[in-house]
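To start, the structure itself, in structure tokens.
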């Protein structure tokens, strides 16, 4: 059995009959893509008074601060008692609230695995292969409602739709984050996914990078069955076009990808680096997959060598802990906001697969090992990025998953302010945009998340989003979430 893709990393045996769902579809689906009724703060100049500040740099939280915003930019940040506020500024009392930078999500698809339970046949796809559902309406709203103001789509299945969404958001015609739009997957042969094109050779990989660069894509992602020759050609061409390339790999090991010049590696190594597999063959996914990491210590010299090689070659690692947590026994907590957001059929698909996860699954141990690797990688000086990856068995939703990723980074051993910095500052740094997003400082874009509570001491307060500011325009998080209820998984 070959290494299992994330969409297939689910229980081997599912109940014969899916459980019924008590969720009811909304009486009428919302069809208004505009921002109508979603903006709660539109004043050109405003100040957040008496707010707790987590600035994204990793510095400790500061109490009783004032953040002054003017025409989409942060004008000043400092103690509230010392703030000089223009007379025309709108004053927002944020007593008891916390502000932190907009999240920069680095594995934030515009699709979701809504019906995977009905697609699989003994764990593998039948027909043309696995497919996922594009979410042009619900995904951008959920991301923004959850505090994501910038994202990388990290692999596209409907590239022209993704480009149109980005253009509509940039024009102010619909709500959503700023986007680094990734091209269709650079996948080799064979592929198990109906919406992916298998590359024929290195020349086609180069042509694909050129075509999608000319079409407006700004990043690229290699996938599991790509060959070394195809990957090397794609990386070289992407760099020629001044774009970065990341990878969710399997047929190519992490050391091989590092030597080819890759910029980023997705998911962490426990589930995607095959260098320690005993059945690995060149340019082929092995049969033992993540099991090759199960009993390998993070202190192992070979693992330490991998960490140092990543850092030496300036290769980032994207943490996607939520997608693995969703496939671990007893996890994650099942919340009302999650079940309310999903379309009934999508919820039933997820509950079916969740019920089939065996208690003997090694996923909890593998999840913990991935956390330990990420902690060691950062402590050694590596650049860790963050994103949820709303795929797998359907247990991760856009936006909600970005928040859960930060919570799981805290579980991994990072402090809350460190975890927030990974999800904000680090992402901006990787994208080359730290000069205007990623931290809260004068002169930067007013991409801010206002939450009730104190995430610096209780990280789950990160879910209590009140207002998300993008370029100084404040969107009401509750209204955004209400506008998609019962529709995630449909569109």
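The values are calculated or read from the model by the stated rules, or taken from the named source; none is laboratory data. Please read these numbers as outputs of a predicted model, since none were measured by experiment. FYI the Cβ positions are ideal-geometry reconstructions off the backbone, even for glycines, and counts take in every protein chain you see.
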Discussion item. For the list (1) modelled with pLDDT of 95 or more; (2) out of contact with any helix residue (DSSP H, G or I) (no Cβ under 7 Å at 6 or more places or on another chain), I need the number of the one condition that residue 345 fails.
Written reply: (1)
Worksheet item: What number of residues within the range 139-171 are outside any helix (DSSP H, G or I) and either without any contact (Cβ under 8 Å) to a residue 24 or more places away in the chain or within 19 Å of residue 100 (Cβ to Cβ) (or both)?
Response: 7
Response to the item:
Considering the range 89-109, residues that are under 16 Å from the mean Cα position of the chain (by Cα) and in a loop (DSSP other than H, G, I, E, B), and then whichever is farthest from residue 67 (Cα to Cα), we arrive at 109
Item to complete: Specify which of the listed residues (403, 348) is touching a residue at least 12 places away in the same chain (Cβ under 8 Å), over 20 Å from the mean Cα position of the chain (by Cα) and either surrounded by 22 or more Cβ atoms within 10 Å (Cβ to Cβ) or more than 30 Å from residue 438 (Cβ to Cβ) (or both).
Response: 348
Worksheet item: If the Cβ limit is 6 Å and pairs must be 6+ apart or interchain, which residue in the range 431-451 that is free of Cβ contacts under 8 Å to residues at least 12 places away in the same chain pairs with which residue that is assigned to a strand (DSSP E or B)?
Response: 436/445
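Condition (residue is assigned to a strand (DSSP E or B) and buried (at least 24 other Cβ atoms within 10 Å of the Cβ)) applied to the range 110-125: is it met by at least one residue? Let's see the steps before the verdict.
Just the residues of the range 110-125 that are assigned to a strand (DSSP E or B), to begin with: 111-112, 120-121, 124-125.
In the following step, the residues that additionally are buried (at least 24 other Cβ atoms within 10 Å of the Cβ) were identified as 112.
The answer is yes; a qualifying residue exists.
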Worksheet, complete the sentence: Scanning the range 185-207 residue by residue, those over 19 Å from residue 264 (Cα atoms) and either in contact (Cβ under 8 Å) with a residue 60 or more places away in the chain or within 24 Å of the chain's Cα centre (by Cα) (or both) turn out to be 191, 192, 193, 194, 195, 196, 197
Worksheet item: Among the residues of the range 368-381, how many are surrounded by fewer than 21 Cβ atoms within 10 Å (Cβ to Cβ) and either assigned to a helix (DSSP H, G or I) or within 19 Å of the chain's Cα centre (by Cα) (or both)?
Response: 5
Worksheet item: In this structure, is residue 349 assigned to a loop (DSSP other than H, G, I, E, B) and farther than 20 Å from residue 405 by Cα?
Response: no
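Quick check on residue 166: is it out of contact with any helix residue (DSSP H, G or I) (no Cβ under 7 Å at 6 or more places or on another chain), at pLDDT 95 or above, surrounded by fewer than 19 Cβ atoms within 10 Å (Cβ to Cβ) and closer than 30 Å to residue 147 by Cα?
Working: out of contact with any helix residue (DSSP H, G or I) (no Cβ under 7 Å at 6 or more places or on another chain): yes; at pLDDT 95 or above: yes; surrounded by fewer than 19 Cβ atoms within 10 Å (Cβ to Cβ): no; closer than 30 Å to residue 147 by Cα: yes.
Spelling it out, it is not the case that residue 166 is out of contact with any helix residue (DSSP H, G or I) (no Cβ under 7 Å at 6 or more places or on another chain), at pLDDT 95 or above, surrounded by fewer than 19 Cβ atoms within 10 Å (Cβ to Cβ) and closer than 30 Å to residue 147 by Cα.
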Discussion item. Among the numbered criteria (1) surrounded by 16 or more Cβ atoms within 10 Å (Cβ to Cβ); (2) under 29 Å from residue 116 (Cα atoms), which one does residue 189 miss?
Written reply: (1)
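To keep it simple, each residue is scored yes or no on (1) out of contact with any strand residue (DSSP E or B) (no Cβ under 9 Å at 6 or more places or on another chain); (2) outside any helix (DSSP H, G or I).
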position	(1), (2)
306	yes, no
309	yes, no
314	yes, yes
317	no, yes
324	yes, no
327	yes, yes
330	yes, yes
333	yes, yes
339	yes, no
Discussion item. Restricting to the range 280-295, name every residue that is surrounded by 15 or more Cβ atoms within 10 Å (Cβ to Cβ), without any contact (Cβ under 8 Å) to a residue 40 or more places away in the chain and part of a loop (DSSP other than H, G, I, E, B).
Written reply: 280
